[in-house]
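The values are calculated or read from the model by the stated rules, or taken from the named source; none is laboratory data. Predicted model, so just to flag it, every value in this text is computed and none were measured. Ideal geometry is used to build each Cβ from the backbone, glycine not excepted, and the neighbour counts take in all protein chains shown.
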Amino acid sequence: MTSGIRFDSVTVAYDRTVVLDALDLSVEPGEVMALLGPSGSGKTTALRAVAGFVRPVSGRVFLGDRDVTDLPPYRRGIGMVVQQYALFPHLRVEDNVAFGLRARRIARDEIRTRVGEALEMTGMAAYARRHPRELSGGQQQRVAIARALAIRPEVLLLDEPLSALDAQLRSGMLAELARLHRELPDVSILYVTHDQVEALTLADRIAVMDRARLQDCGTPQELYRVPRTEFTASFVGNANLLPVTVGDAGARFGEIDIKADTSGAAPGARATLCVRPHLVGLGEGPNRLTGTVREIQWRGPTHRLYVEVEGHRVMADLRELRNPPALGDRVTLHFAPEDAVLLAAGVRDD
């Protein structure tokens, strides 16, 4: 079997409720594809369709060149890690890792070799004789990953694998997953998460899901720097979404003229201008927005200002200010024309 995953118009429904609607998506061999979206968006259902835990009502699922839609999970040859680890509490670490190999009736010597390799790869070789209760949450997650890798899958499914970890452990595990991917360049990974940082850090491409449908797909840089929809802009990173009317040489936000690239949109059309908060500065500059400070958040290295401009809230992420403005102060923000992205234009505003 060659690596890779393909959804061919896959629809999943429970009774009459569609939870995944005509998904067309391909994960290339060796690629990390993140499925990113809010709860109920269909991302976990898509992963479960690959695993064989749910049966599509229409469409086909392919692993490499094999149509696996009708195959049971144990015949698909995939590795899977879920958010609650699912380790057997009565088995030692080495036996948990060996479980899938024994189920496949792998020879004893081969099992010993593969278990050792998987534990070494995940940094858990020294804990082989311990039980799960003797491990931290991060260590248990490493064991779950080692168990998935021991069967040498060509496809690895990760379902919110870091959601049960605290922030520090999550950061460390992100680095470990990135390292594992470098060491396993032929394994295709489908990574389900609602955490944009995880998706931006690990994924080669991100598929953005909402309301059972695929909304957008692209590299992290594409989706962050040049989002195509308001949903993508607001879910992949934070975004200021300014309603504007397209002009001949820019756009108009309320009573404010904005310089931006509006090519492709007809003059008079209503559209949305996306500006990332870290690209908004304080003080004079191009594209000035003057408004009232409504909220200030100190975030360690930065201050986030929420400023009411023309009846809309504008966010600015600024390097930690020595003398931040006070609530109610009038301030001027600015952003460069090249840092504004015009999203889908609407009908002409006559």
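Of the candidates Gly4, Gly37, the single residue that is crowded, with 18+ Cβ neighbours inside 10 Å, under 14 Å from Val208 (Cα atoms) and modelled with pLDDT under 95 is Gly37.
Of these, Asp8, Asp21, which one is in contact with an Asp or Glu (Cβ under 7 Å, 6 or more places away or on another chain) and farther than 27 Å from Ala128 by Cα? Lay out the reasoning, then the answer.
Details: Asp21 fails: in contact with an Asp or Glu (Cβ under 7 Å, 6 or more places away or on another chain).
Unique residue meeting the criteria: Asp8.
Of all residues in the range 234-256, those satisfying the criterion of being closer than 30 Å to Gly30 by Cα and either free of Cβ contacts under 8 Å to residues at least 12 places away in the same chain or within 13 Å of the chain's Cα centre (by Cα) (or both) are Ser234, Phe235, Val236, Gly237. Residue count for the range 140-185, restricted to those that are surrounded by fewer than 19 Cβ atoms within 10 Å (Cβ to Cβ) and of a type in the set (S, T, N, Q): 3.
Scan the range 124-136 residue by residue and report those that are surrounded by 15 or more Cβ atoms within 10 Å (Cβ to Cβ) and either at pLDDT below 90 or among the aliphatic types (A, V, I, L, M) (or both).
In the first step, residues of the range 124-136 are kept if they are surrounded by 15 or more Cβ atoms within 10 Å (Cβ to Cβ); the result is 124-125, 127-128, 130-132, 135.
Residues satisfying the conditions are Met124, Ala125, Ala128, Leu135.
Checked against the criterion of being assigned by TED's automatic domain parsing to the domain that holds Met173, closer than 19 Å to Thr193 by Cβ and either part of a strand (DSSP E or B) or not small (Gly, Ala, Ser) (or both), the range 60-68 has no qualifying residue. The residues on offer are Leu273, Leu242, and the sole one that is in contact with a His (Cβ under 9 Å, 6 or more places away or on another chain) and assigned to a strand (DSSP E or B) is Leu242. All told, Ala212 meets the bar of being at pLDDT 95 or above and either on the phi > 0 side of the Ramachandran plot or surrounded by 19 or more Cβ atoms within 10 Å (Cβ to Cβ) (or both). When each of Val236, Val246 is tested for being among the aliphatic types (A, V, I, L, M) and closer than 22 Å to Asp159 by Cβ, the lone residue that passes is Val236. Selection over the range 315-338 of residues that are aliphatic (A, V, I, L, M) and farther than 24 Å from Ala233 by Cα gives a count of 4.
Conditions (1) in a strand (DSSP E or B); (2) touching a helix residue (DSSP H, G or I) at 6+ places or on another chain (Cβ under 6 Å); (3) not aromatic (Phe, Trp, Tyr), marked per residue:
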site: Asp248; (1), (2), (3): no, no, yes
site: Ala260; (1), (2), (3): no, yes, yes
site: Ala265; (1), (2), (3): no, no, yes
site: His278; (1), (2), (3): no, no, yes
site: Val293; (1), (2), (3): yes, no, yes
site: Val307; (1), (2), (3): yes, no, yes
site: Ala326; (1), (2), (3): no, no, yes
site: Thr332; (1), (2), (3): yes, no, yes
site: Glu338; (1), (2), (3): no, no, yes
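Scanning the range 145-160 for residues that are among the small types (Gly, Ala, Ser) and under 15 Å from Leu177 (Cβ atoms), we see that the one that is farthest from the chain's Cα centre (by Cα) is Ala146.
If the condition is being in contact (Cβ under 8 Å) with a residue 24 or more places away in the chain and either assigned to a strand (DSSP E or B) or over 18 Å from Glu154 (Cβ atoms) (or both), then the range 16-32 contributes Val18, Val19, Leu20, Asp21, Ala22, Leu23, Asp24, Leu25, Val27, Val32.
Please enumerate the residues belonging to the range 41-74 that are farther than 11 Å from Ile5 by Cβ, of a type outside the set (Gly, Ala, Ser) and within 21 Å of the chain's Cα centre (by Cα). Matches in the range 41-74: Lys43, Thr44, Thr45, Arg48.
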